[in-house]
1. Name the single residue, out of those in the range C:44-60 being of a type in the set (D, E, K, R) and over 13 Å from the mean Cα position of the chain (by Cα), that is nearest to the other protein chains (Cβ to nearest Cβ).
2. Name the residue that is surrounded by the most Cβ atoms within 10 Å (Cβ to Cβ), counting only residues in the range D:81-96 that are facing another protein chain (nearest Cβ under 9 Å) and farther than 26 Å from residue C:33 by Cβ.
3. Here are some conditions: (1) under 30 Å from residue D:108 (Cα atoms); (2) in contact with a Lys or Arg (Cβ under 6 Å, 6 or more places away or on another chain). Residue C:124 meets all but one. Which one does it not meet?
4. Please state which of the following conditions residue C:9 fails to meet, knowing it meets all the rest: (1) away from chain D (no Cβ under 14 Å); (2) closer than 15 Å to residue D:28 by Cα; (3) in a loop (DSSP other than H, G, I, E, B).
5. Residues B:35, B:9: which one is of a type in the set (A, V, I, L, M, F, W, C), surrounded by 15 or more Cβ atoms within 10 Å (Cβ to Cβ) and free of Cβ contacts under 8 Å to residues at least 40 places away in the same chain?
6. From the list C:24, C:59, which residue is within 20 Å of residue C:132 (Cβ to Cβ) and either in contact (Cβ under 8 Å) with a residue 40 or more places away in the chain or polar (S, T, N, Q) (or both)?
7. Among what's in the range C:100-133 and is of a type in the set (Gly, Ala, Ser) and modelled with pLDDT of 95 or more, pick the residue that is nearest to the chain's Cα centre (by Cα).
8. If you go through the range D:20-43 one residue at a time, how many are more than 9 Å from chain C (Cβ to nearest Cβ) and surrounded by 16 or more Cβ atoms within 10 Å (Cβ to Cβ)?
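The values are calculated or read from the model by the stated rules, or taken from the named source; none is laboratory data. Since this is a predicted model, take the numbers as computed values, not measurements. Neighbour counts run over all protein chains shown; Cβ positions are idealised from the backbone, glycine included.
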Amino acid sequence: MQIQVKLFAMLQEALGETVTVEVPATPSAEEIKGAVSQIAPNLKQMIQTSRLAVNQEFTTNAPIQLQSTDEVALIPPVSGG
Amino acid sequence: MQIQVKLFAMLQEALGETVTVEVPATPSAEEIKGAVSQIAPNLKQMIQTSRLAVNQEFTTNAPIQLQSTDEVALIPPVSGG
Amino acid sequence: MYYLNIGDSPINVDALYQKLKDPQYGGIVTFVGTVRQWTGDIETKYIDYSAYHPMAEKQLEKLAAPIEAKGARVVIAHRTGHLELTDEAVFVGVAAAHRGDAFRWCEYLIDTLKQEVPIWKKETDTDAVRWGD
Amino acid sequence: MYYLNIGDSPINVDALYQKLKDPQYGGIVTFVGTVRQWTGDIETKYIDYSAYHPMAEKQLEKLAAPIEAKGARVVIAHRTGHLELTDEAVFVGVAAAHRGDAFRWCEYLIDTLKQEVPIWKKETDTDAVRWGD
């Protein structure tokens, strides 16, 4: 399935607010991160250290039951405070 | 020797700002507290739990080389903050 | 009830402190993080903060709710946008009946905020631009 | 340089906080103790604080100097006289380069103040007058 992934911080500066990627049904977070890495191999390390959020909740390692309306986001290491 | 002892808090309310007591030369803090307790036996427990200060420094257990100009004070358990 | 805010307006420390005052609390601990000039040899000129709204606000609620459930009050504000030296980036305040709790919970909240709340810092230093820290 | 004050004027939290702001510090931790209404079943009406001047000020200096020697800034104010519910009795603030230090030192200062500084609380509760706590 095709999904849009929201990006933030340095990933957003490099790639824009969202990228569209092709992922398997019920993908894992790793598979989604891998699909984004394919678009931007030079950012692979940053993408690997990012966390995935679906509908504004951090995901676990479990396969994700994605709906087409779900909001998927890559969260680079946070640095607030 | 005769010394004046400054009092504070509940001791000051009960006995006034100072009391005059007779103490041995180079008295210990315990001897000074004992002399004040003789004036106010009903406050003995409070006096025993107080600390002694000479010239606005807490004293140790050592004998005190008192001068007649020294400022001696009984410090009841503090409760600021 | 907690008060949480993430936005571009300057942080009004006094107004946030006033929200923590209450006859039922005796101890108020606050942490304020400001933009510091030097980090070792690196000199910071200014910082821009961005956030993932409203996920960042939801994450703050998850932090604040368990502390409030213990009977304390929580106030957290994080500024976004452009900040100059000494500007307040974050305010975390806890009012509690006992000061030990207030210290513990305030430190827990800022430590956890720095791990779990999607806010990012873009630091413009005299030698380079740095993301995060 | 530290700022220390013991006196009858109301504590101006915002003015004291401003003294802690500085480009060299990134973390400011403050503790404020206010007059609390309930302590278990005991209801407090008001509190009068008294101090042994200037021994109390000297004791504060002894607390503040070693913390300042570590490169932090210390601001402490204690109010004396008549205080009503929610009035600020004490303000202890530490600004430091790192927040962990600021938390540790601020808590150390208020804990030690409560042991070593000759200030006394006379609490007028609805049922009785109590010295100390």
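1. Step one: filter the range C:44-60 for residues of a type in the set (D, E, K, R), giving C:45, C:48, C:57-58.
When the remaining residues are screened for being over 13 Å from the mean Cα position of the chain (by Cα), the result is C:45, C:48, C:58.
Working: C:45: 11, C:48: 10, C:58: 6 Å.
Of everything passing the filter in the range C:44-60, C:58 is nearest to the other protein chains (Cβ to nearest Cβ).
2. D:89
3. It fails just one condition, (1).
4. For residue C:9, the failing item is (2).
5. Numbers: B:9 fails: free of Cβ contacts under 8 Å to residues at least 40 places away in the same chain.
Of the residues listed, the single one that is of a type in the set (A, V, I, L, M, F, W, C), surrounded by 15 or more Cβ atoms within 10 Å (Cβ to Cβ) and free of Cβ contacts under 8 Å to residues at least 40 places away in the same chain is B:35.
6. Within the list C:24, C:59, the selection yields C:59.
7. Taking the range C:100-133 and keeping what is of a type in the set (Gly, Ala, Ser), we get C:100, C:102, C:128, C:132.
Subset that is modelled with pLDDT of 95 or more: C:100, C:102, C:128.
On the way: C:100: 20, C:102: 15, C:128: 25 Å.
Step by step, filter the range C:100-133, then rank; the result is C:102.
8. First pass over the range D:20-43, keeping only residues more than 9 Å from chain C (Cβ to nearest Cβ): D:40-43.
Now drop any that are not surrounded by 16 or more Cβ atoms within 10 Å (Cβ to Cβ), which leaves none.
Adding up the residues that qualify gives 0.
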